[in-house]
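To keep things clear, I will list the structure first and then write my remarks on it.
The values are calculated or read from the model by the stated rules, or taken from the named source; none is laboratory data. Computed from a prediction, not measured in an experiment: that's the story for all the values here. Note that each Cβ is placed from the backbone with ideal geometry, even for glycine, and that neighbours are counted across all protein chains shown. Just the protein is used for accessible areas: all its heavy atoms, side chains included, with ligands, DNA and RNA removed. Shrake-Rupley method; radii C 1.70, N 1.55, O 1.52, S 1.80 Å.
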Amino acid sequence: MLNGFLYVTSLGGLVGGYDKEVLIKLTNIAKDNKVNKIIVEENFGQGMFVELLKPYLKKDYPCSIDLVRHSKQKELRIIDVLEPVLNQHKLVVCPSVIKEDYTSVQHYPPERALKYMFAYQLSRITKDRGSLAHDDKIDALSMSVAYWIEQMSANAEQEILDRREQLLDEELDKFINGVNTSN
C-alpha cells in the first residue's frame with residue numbers, strides 16, 4: 001500500500017496443502033518478501049495450518065500470523081471487498097504478476113489451466129455461490145485488500161484524532177498565554 005493505492009507485486013498458489021515442502025516454501029516466500037504479517041483464513045483447517053506453519057516461521061523467519069474468520073458467502077465477501085477498490089482504480093497489478101500467473105498453470109490442460117488463473121477468477125466471479133471452480137487466488141487477494149482497507153481506515157481515524165489533539169493543544173496554549181498576559 002502506498003499513497004492510497006494497493007499494489008499487487010506477487011501472487012501465486014502452491015499445490016500440496018500441509019506438506020513440509022509447502023510450509024518451507026511459504027516461509028521462504030515470507031522471508032524473501034520481508035513480510036511482517038501473514039494472514040490465514042481460520043476456516044482453512046480450523047487453525048491447524050497455522051500451527052503447522054509456526055515452527056517453520058519460528059526457525060527461519062519469525063513474523064506474526066493473524067487468523068481471519070469468515071462467515072459470509074465467499075463470493076459475496078470477495079466482491080464486497082474488491083469491487084469498490086477496483087471501481088476507484090486503487091488496485092495496481094504488476095504485469096509480471098499476470099505473466100507469472102499465466103506461466104504457472106501451463107502444466108495443466110488448457111481448459112483446466114484457465115480456472116486456476118487469477119485473471120480468469122477475477123473476470124468470472126459472480127455473486128452466485130460456486131460461480132468459480134477455483135477461487136484460491138482471488139480469495140487470497142481479497143483477504144489482503146481487506147487487511148489494507150482496515151489499515152487505511154485505522155490510519156485515517158488516528159490522523160483525525162491526532163489533528164483534534166493538536167488543535168486542542170493550540171487552543172489551550174492560546175488560553176494560557178492569554179491568561180498570562182492579562183496578569
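Using Cα pairs under 8 angstrom and six or more residues apart, how large is the relative contact order of the chain, in percent? Each step should come with its number before you reach the end.
Working: 147 pairs, mean separation 45.3, N = 183.
Relative contact order here is 25 percent.
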Requested in this report: Within the range 92-167, report the trypsin sites (Lys or Arg not before Pro) that DSSP leaves as loop and that have at most 16 other Cβ atoms within 10 Å.
Outcome: Lys127, Arg129
Query - Value of [θ]222 nm, deg cm²/dmol, for the chain, DSSP H segments ≥ 4, -39500 (n - 2.57) each, nearest 500 - result: -20000 deg cm²/dmol
**Report entry** Label-point gap, in nm, between Glu21 and Leu67 - each point 7 angstrom along Cα→Cβ
**Finding:** 2.9 nm
Requested in this report: Between the alpha-carbon centers of the range 1-48 and the range 93-132, tell me the distance in whole angstrom.
Outcome: 18 Å
Query raised in the report: Per the 1.4 Å probe, what fraction of the accessible area of the chain, in percent, lies on carbon and sulfur atoms?
Result: 54 percent
Report task. Whole number in Å², please: accessible area per residue of the chain, 1.4 Å probe, ligands, DNA and RNA not counted. Result -> 68 Å²
Query raised in the report: If we sort 142-150, 54-62 on the protection proxy, mean other Cβ atoms within 10 Å, highest first, what's the order?
Result: 142-150, 54-62
Report summary line: Amide H contacts under 5 Å for Cys94, restricted to residues at least 5 apart in sequence or on another chain and with H modeled in the peptide plane, are Val8
Query raised in the report: What is the range 5-104's relative contact order, in percent, from Cα pairs under 8 angstrom and six or more apart in sequence?
Result: 44 percent
Query raised in the report: Using a basic spin-label model with each label point 7 Å from the Cα along Cα→Cβ, how many nm lie between Tyr7 and Lys37?
Result: 2.0 nm
Query - Most to least accessible of Ile65, Ile78, Ile176 (protein chains only, probe 1.4 Å) - result: Ile176, Ile65, Ile78
**Report entry** FRET efficiency estimate (nearest 0.05) - Cβ-Cβ, Glu170 to Cys94, R0 30 angstrom
**Finding:** 0.10
Query raised in the report: Hey, what did the range 92-173 get for relative contact order, percent, Cα under 8 Å, at least 6 apart?
Result: 17 percent
Report summary line: Cα-Cα longer than 27 Å, checked against Lys37/Lys74; Lys25/Lys99; Lys25/Lys72; Lys31/Lys127; Lys72/Lys115, kept in input order, equals Lys25/Lys72; Lys31/Lys127
Query raised in the report: So, with +1 on the Cβ of K and R and -1 on the Cβ of D and E, and no other charges, what is the size of the charge dipole of the chain about its Cα centre, to the nearest 20 debye?
Result: 700 debye
Report summary line: Projecting the Cα atoms of Asn28, Tyr61, Leu91 onto the charge dipole of the chain, where Lys and Arg contribute +1 and Asp and Glu -1 at Cβ, the residue farthest towards the positive end is Asn28
